[in-house]
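Remarks on the structure that follows.
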Amino acid sequence: LNHVDFKFVVEELIALHKRDIKIGVSVYDVSQVFESYNVFKFDMVQIPLNPLDQRFNTKEFIEFTKYNNVEVHVRSVFLQGLLLMGVNEIPSYFAPWLSVIKSYHQELNKQKQSLLAAALQFVFALHEVDKVVVGVNSLSQLQEVIAALESPPIAIDYSQFALTDVKILNPSFWPNRS
(Lines give C-alpha, C1' and ligand atoms only; values in the text may rest on other atoms or scores of the structure.)
Protein backbone atom coordinates (compact mmCIF):
# COMPACT_ATOMS: atom_id res chain seq x y z
CA LEU A 1 0.00 0.00 0.00
CA ASN A 2 2.82 2.35 -0.73
CA HIS A 3 1.90 5.65 -2.40
CA VAL A 4 -1.81 5.46 -1.57
CA ASP A 5 -4.08 7.34 0.79
CA PHE A 6 -3.92 5.00 3.78
CA LYS A 7 -6.91 6.63 5.48
CA PHE A 8 -8.99 6.08 2.33
CA VAL A 9 -7.98 2.40 2.18
CA VAL A 10 -8.95 1.83 5.82
CA GLU A 11 -12.30 3.56 5.26
CA GLU A 12 -12.96 1.30 2.27
CA LEU A 13 -12.02 -1.79 4.27
CA ILE A 14 -14.42 -0.75 7.02
CA ALA A 15 -17.18 -0.29 4.43
CA LEU A 16 -16.55 -3.77 3.03
CA HIS A 17 -16.47 -5.24 6.51
CA LYS A 18 -19.88 -3.72 7.28
CA ARG A 19 -21.20 -5.66 4.26
CA ASP A 20 -20.04 -8.91 5.94
CA ILE A 21 -17.05 -9.31 3.64
CA LYS A 22 -14.13 -10.88 5.44
CA ILE A 23 -10.97 -8.80 5.47
CA GLY A 24 -7.51 -10.15 6.19
CA VAL A 25 -3.88 -9.19 6.36
CA SER A 26 -0.77 -11.02 5.30
CA VAL A 27 2.16 -10.46 7.63
CA TYR A 28 5.81 -11.45 8.05
CA ASP A 29 6.24 -11.14 11.80
CA VAL A 30 4.10 -11.22 14.92
CA SER A 31 4.40 -7.49 15.70
CA GLN A 32 2.69 -6.70 12.38
CA VAL A 33 -0.40 -8.61 13.54
CA PHE A 34 -0.89 -6.42 16.60
CA GLU A 35 0.03 -3.19 14.78
CA SER A 36 -2.44 -3.98 11.99
CA TYR A 37 -5.22 -4.94 14.38
CA ASN A 38 -4.86 -1.59 16.14
CA VAL A 39 -5.60 0.10 12.79
CA PHE A 40 -8.31 -2.27 11.55
CA LYS A 41 -10.11 -5.20 13.17
CA PHE A 42 -9.51 -7.83 10.47
CA ASP A 43 -11.11 -11.29 10.28
CA MET A 44 -8.17 -13.37 9.13
CA VAL A 45 -4.41 -13.29 9.12
CA GLN A 46 -2.06 -15.09 6.76
CA ILE A 47 1.26 -16.05 8.35
CA PRO A 48 4.42 -17.94 7.44
CA LEU A 49 4.74 -21.14 9.46
CA ASN A 50 6.92 -24.21 9.00
CA PRO A 51 9.34 -26.38 10.99
CA LEU A 52 12.07 -23.70 10.82
CA ASP A 53 9.79 -20.66 11.21
CA GLN A 54 7.77 -21.09 14.39
CA ARG A 55 7.64 -17.42 15.41
CA PHE A 56 3.83 -17.40 15.35
CA ASN A 57 3.48 -20.57 17.39
CA THR A 58 3.30 -18.64 20.65
CA LYS A 59 0.74 -18.49 23.41
CA GLU A 60 0.34 -14.73 22.92
CA PHE A 61 -0.43 -15.00 19.19
CA ILE A 62 -2.73 -18.00 19.60
CA GLU A 63 -4.70 -16.41 22.44
CA PHE A 64 -4.99 -13.15 20.47
CA THR A 65 -6.42 -14.85 17.39
CA LYS A 66 -8.87 -16.99 19.34
CA TYR A 67 -10.04 -14.15 21.61
CA ASN A 68 -10.63 -11.89 18.59
CA ASN A 69 -12.07 -14.64 16.35
CA VAL A 70 -9.32 -14.14 13.78
CA GLU A 71 -8.85 -17.01 11.34
CA VAL A 72 -5.27 -18.20 10.91
CA HIS A 73 -4.19 -19.02 7.36
CA VAL A 74 -0.71 -20.46 6.90
CA ARG A 75 1.64 -19.96 3.95
CA SER A 76 5.32 -20.75 3.38
CA VAL A 77 4.91 -24.30 4.62
CA PHE A 78 7.92 -25.36 2.55
CA LEU A 79 9.85 -22.08 2.99
CA GLN A 80 10.00 -21.43 -0.77
CA GLY A 81 11.04 -25.03 -1.35
CA LEU A 82 14.04 -24.91 0.99
CA LEU A 83 12.47 -27.54 3.25
CA LEU A 84 12.08 -29.91 0.30
CA MET A 85 15.71 -29.69 -0.89
CA GLY A 86 18.29 -32.33 -0.20
CA VAL A 87 21.14 -31.10 1.99
CA ASN A 88 23.53 -31.09 -0.99
CA GLU A 89 21.11 -28.97 -3.04
CA ILE A 90 20.89 -26.13 -0.53
CA PRO A 91 22.52 -22.91 -1.81
CA SER A 92 25.59 -21.58 0.00
CA TYR A 93 23.61 -18.56 1.26
CA PHE A 94 22.06 -20.89 3.86
CA ALA A 95 25.40 -22.11 5.25
CA PRO A 96 24.93 -20.31 8.61
CA TRP A 97 21.84 -22.44 9.29
CA LEU A 98 22.98 -25.67 7.65
CA SER A 99 23.62 -27.47 10.93
CA VAL A 100 19.97 -27.03 11.96
CA ILE A 101 18.75 -28.09 8.51
CA LYS A 102 21.00 -31.17 8.61
CA SER A 103 19.68 -32.08 12.08
CA TYR A 104 16.15 -31.75 10.73
CA HIS A 105 16.96 -34.06 7.81
CA GLN A 106 18.67 -36.58 10.11
CA GLU A 107 15.67 -36.70 12.43
CA LEU A 108 13.29 -37.24 9.53
CA ASN A 109 15.53 -39.96 8.07
CA LYS A 110 15.64 -41.67 11.46
CA GLN A 111 11.83 -41.57 11.61
CA LYS A 112 11.50 -42.58 7.93
CA GLN A 113 9.44 -39.49 7.13
CA SER A 114 9.57 -37.50 3.90
CA LEU A 115 10.48 -33.82 3.87
CA LEU A 116 7.13 -33.03 2.27
CA ALA A 117 5.05 -34.98 4.80
CA ALA A 118 6.94 -33.57 7.80
CA ALA A 119 6.43 -29.95 6.75
CA LEU A 120 2.73 -30.51 6.11
CA GLN A 121 2.18 -32.51 9.28
CA PHE A 122 3.85 -29.79 11.33
CA VAL A 123 1.26 -27.16 10.33
CA PHE A 124 -1.74 -29.49 10.20
CA ALA A 125 -1.01 -30.71 13.74
CA LEU A 126 -1.58 -27.20 15.09
CA HIS A 127 -5.27 -26.90 15.97
CA GLU A 128 -5.08 -23.11 15.81
CA VAL A 129 -4.49 -23.22 12.04
CA ASP A 130 -7.70 -22.75 10.07
CA LYS A 131 -6.39 -22.92 6.49
CA VAL A 132 -3.13 -23.90 4.79
CA VAL A 133 -2.00 -22.50 1.45
CA VAL A 134 0.44 -24.54 -0.63
CA GLY A 135 1.61 -23.96 -4.16
CA VAL A 136 1.99 -26.68 -6.76
CA ASN A 137 3.15 -26.57 -10.37
CA SER A 138 1.51 -29.75 -11.62
CA LEU A 139 -1.11 -32.37 -10.95
CA SER A 140 1.61 -34.79 -9.82
CA GLN A 141 2.80 -32.30 -7.19
CA LEU A 142 -0.77 -31.92 -5.93
CA GLN A 143 -1.06 -35.71 -5.72
CA GLU A 144 2.20 -35.84 -3.74
CA VAL A 145 0.82 -33.27 -1.28
CA ILE A 146 -2.39 -35.27 -0.83
CA ALA A 147 -0.45 -38.53 -0.35
CA ALA A 148 1.86 -36.84 2.18
CA LEU A 149 -1.14 -35.69 4.20
CA GLU A 150 -2.32 -39.28 4.38
CA SER A 151 0.99 -40.62 5.69
CA PRO A 152 1.09 -41.54 9.39
CA PRO A 153 2.24 -38.71 11.67
CA ILE A 154 5.53 -38.96 13.50
CA ALA A 155 6.39 -38.04 17.06
CA ILE A 156 8.95 -35.28 16.76
CA ASP A 157 9.83 -32.21 18.80
CA TYR A 158 9.88 -29.58 16.06
CA SER A 159 10.88 -26.84 18.53
CA GLN A 160 14.51 -28.00 18.28
CA PHE A 161 14.57 -26.77 14.67
CA ALA A 162 13.00 -23.34 15.24
CA LEU A 163 15.06 -20.43 13.95
CA THR A 164 14.59 -16.71 14.55
CA ASP A 165 16.89 -15.08 12.01
CA VAL A 166 14.77 -13.29 9.39
CA LYS A 167 17.62 -13.65 6.90
CA ILE A 168 16.53 -17.26 6.45
CA LEU A 169 12.87 -17.03 7.49
CA ASN A 170 11.89 -14.15 5.18
CA PRO A 171 12.68 -15.01 1.54
CA SER A 172 12.69 -11.32 0.60
CA PHE A 173 16.13 -11.20 2.24
CA TRP A 174 17.46 -14.07 0.14
CA PRO A 175 19.71 -13.34 -2.83
CA ASN A 176 18.04 -13.53 -6.23
CA ARG A 177 17.87 -17.08 -7.49
CA SER A 178 17.32 -16.37 -11.18
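The values are calculated or read from the model by the stated rules, or taken from the named source; none is laboratory data. The structure displayed is predicted, hence computed values, not measured ones. Cβ atoms come from the backbone with ideal geometry, glycine included; neighbour counts cover every protein chain shown. The area values use the complete protein model at the heavy-atom level, side chains included, leaving out ligands, DNA and RNA. Shrake-Rupley method; radii C 1.70, N 1.55, O 1.52, S 1.80 Å.
Overview of values
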{"item": "Too-long pairs where the Cα-Cα distance tops 22 Å, listed order kept, from LYS7/LYS59; LYS41/LYS131; LYS18/LYS59; LYS102/LYS131; LYS66/LYS131", "result": "LYS7/LYS59; LYS18/LYS59; LYS102/LYS131"}
{"item": "Signed unit charges on C-beta, dipole axis of the chain, positive-most listed residue GLY86, PRO152, ALA15", "result": "GLY86"}
{"item": "Pairs of alpha carbons in the chain whose separation is greater than 21 Å (percent)", "result": "55 percent"}
{"item": "Viscosity 1.002 mPa s, 20 °C: Kirkwood-radius Stokes-Einstein D of the stretch 120-178 over Cα pairs, µm²/s", "result": "150 µm²/s"}
{"item": "Within the chain: Cβ-based charge dipole about Cα centre, in debye rounded to nearest 20 (Lys, Arg +1; Asp, Glu -1)", "result": "200 debye"}
{"item": "Accessible area in the full protein assembly, largest first, 1.4 Å probe, for TYR93, TYR104, TYR37", "result": "TYR93, TYR37, TYR104"}
{"item": "SER159/HIS17 FRET efficiency (R0 41 Å; Cβ-Cβ; nearest 0.05)", "result": "0.70"}
{"item": "Relative contact order (percent, whole number), the chain, Cα cutoff 8 Å, 6+ residue spacing", "result": "23 percent"}
{"item": "C-alpha center-to-center spacing [the stretch 113-178, the stretch 65-97] in angstrom", "result": "6 Å"}
{"item": "With DNA, RNA and ligands ignored, accessible area of GLU71 (1.4 Å probe; Å², nearest 10)", "result": "40 Å²"}
{"item": "Accessible surface of THR58 - all protein chains present, 1.4 Å probe, nearest 10 Å²", "result": "50 Å²"}
{"item": "Cα-centre dipole for the stretch 102-175 with unit charges at Cβ (Lys and Arg positive, Asp and Glu negative), debye to 20", "result": "220 debye"}
{"item": "Loop trypsin sites (Lys or Arg not before Pro), the stretch 1-93 (other Cβ atoms within 10 Å of the site Cβ: 12 or fewer; DSSP)", "result": "ARG19, LYS22"}
{"item": "Value at 222 nm in deg cm²/dmol, rounded to 500, when DSSP H runs of n ≥ 4 in the chain each add -39,500 (n - 2.57)", "result": "-12000 deg cm²/dmol"}
{"item": "Mean Cα-pair separation over length for the stretch 4-45, i.e. relative contact order, pairs under 8 Å, 6 or more apart, %", "result": "41 percent"}
